[in-house]
Amino acid sequence: MDNARTNGTYEQGETKMKKFGLIIALFAASTAFGQSPSPSPKPEPTAGLTSTGYVRPDAKTRQKRYVNSLVGPVALARIVATAGYSTWRNSPDEWGTKWEGFGRRVGSNFGKNVIKESVTFGLDEALKLDSHYYRSTKKDFGSKVGNALISPFTARDRNGKRVPGVPRIVGTFASSIIANTTWYPKNYDWRDGVQSGAISFGFTALFNLIKEFAPKK
């Protein structure tokens, strides 16, 4: 009886997860592709943060980054890695520590990532901000660590100035709260979503540190 109830809850949650992911993905796509890309006065290689300053990436580059944030190798590696960590911790414990539980967590993380990146991208476009992670232009250890830790909470405006990272903050908490109130087991609620969102920022900072010190291609 308990197994049937658990499976039924999971199937209902999985259906809701797909609906939420589809709605938000369509919203973000319509926001992105409905805009007319404005001509850039500088060549594409100078786009982004460089030692000489910042140039806002054009629409094509921003859209490509959005797609990579959903299905790119780094995004998928992060989804699998966090699913493995959650399986090791057995969270949620109703999903167990076997391969089935790992698979559920991978699917859950993928759904959360679709929501997070779609909300972030949509708000970036609406507010003319850039939440993309840029390596520090300084070479010292302290600057690199500081850049990795502060980037999850900041964004760049059109002039390259750091501003509060509203898009990523909203996207991170929205994805966690939606997950915990829809396809997670019934004993989870929005408060667990807030806690999960806070933990997600820690993982983001950790991945930023890896990017910061990884050899450049």
Please give the number of the condition F102 fails out of (1) out of contact with any Gly (no Cβ under 8 Å at 6 or more places or on another chain); (2) surrounded by fewer than 19 Cβ atoms within 10 Å (Cβ to Cβ); (3) aromatic (F, W, Y). (1)
Answer yes if at least one residue in segment 159-171 is farther than 26 Å from K216 by Cβ and small (G, A, S), and no otherwise. yes
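For segment 185-217, which residues satisfy the criterion of being of a type in the set (F, W, Y), assigned to a loop (DSSP other than H, G, I, E, B) and open to solvent by less than 30 Å² (accessible area, probe 1.4 Å)?
none
Conditions tested, residue by residue: (1) closer than 16 Å to A77 by Cα; (2) among the aliphatic types (A, V, I, L, M).
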position: G101; (1), (2): no, no
position: N109; (1), (2): yes, no
position: V119; (1), (2): no, yes
position: L123; (1), (2): no, yes
position: L127; (1), (2): no, yes
position: H132; (1), (2): no, no
position: D140; (1), (2): no, no
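Would you point out the residue of segment 87-99, among those that are open to solvent by less than 30 Å² (accessible area, probe 1.4 Å) and part of a helix (DSSP H, G or I), that is farthest from N208 (Cα to Cα)?
From segment 87-99, those open to solvent by less than 30 Å² (accessible area, probe 1.4 Å) are 87, 92, 95-96; that's our starting set.
From the residues that got through so far, the ones that are part of a helix (DSSP H, G or I) too are 87, 95.
Details: T87: 23, W95: 29 Å.
Top of the filtered list is W95.
Going by the conditions given, is T87 in contact (Cβ under 8 Å) with a residue 24 or more places away in the chain and among the hydroxyl-bearing types (S, T, Y)?
Values: in contact (Cβ under 8 Å) with a residue 24 or more places away in the chain: no; among the hydroxyl-bearing types (S, T, Y): yes.
Here the answer is no, as T87 does not meet what is asked.
Among the residues of segment 106-134, write down those that are touching a Lys or Arg at 6+ places or on another chain (Cβ under 7 Å) and either assigned to a loop (DSSP other than H, G, I, E, B) or open to solvent by 20 Å² or more (accessible area, probe 1.4 Å) (or both). First the steps, then the outcome.
Of all residues in segment 106-134, those touching a Lys or Arg at 6+ places or on another chain (Cβ under 7 Å) come to 120, 128-133.
Result: K128, L129, S131, H132, Y133.
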If you go through segment 17-30 one residue at a time, do you hit one that is touching a Phe, Trp or Tyr at 6+ places or on another chain (Cβ under 7 Å) and modelled with pLDDT of 50 or more? no
Failed item, numbered, when A155 is tested on (1) in a strand (DSSP E or B); (2) open to solvent by 20 Å² or more (accessible area, probe 1.4 Å): (2)
Picked from segment 159-204 (must be among the aromatic types (F, W, Y) and over 14 Å from the mean Cα position of the chain (by Cα)), the residue nearest to D124 (Cα to Cα) is W190
When only residues in segment 135-148 that are under 16 Å from R162 (Cβ atoms) and not in a helix (DSSP H, G or I) count, which is most open to solvent (accessible area, probe 1.4 Å)? K138
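The values are calculated or read from the model by the stated rules, or taken from the named source; none is laboratory data. Source: prediction; values computed, not measured. FYI the Cβ positions are ideal-geometry reconstructions off the backbone, even for glycines, and counts take in every protein chain you see. SASA here: full protein model, heavy atoms, side chains in, ligands and nucleic acids out. Shrake-Rupley method; radii C 1.70, N 1.55, O 1.52, S 1.80 Å.
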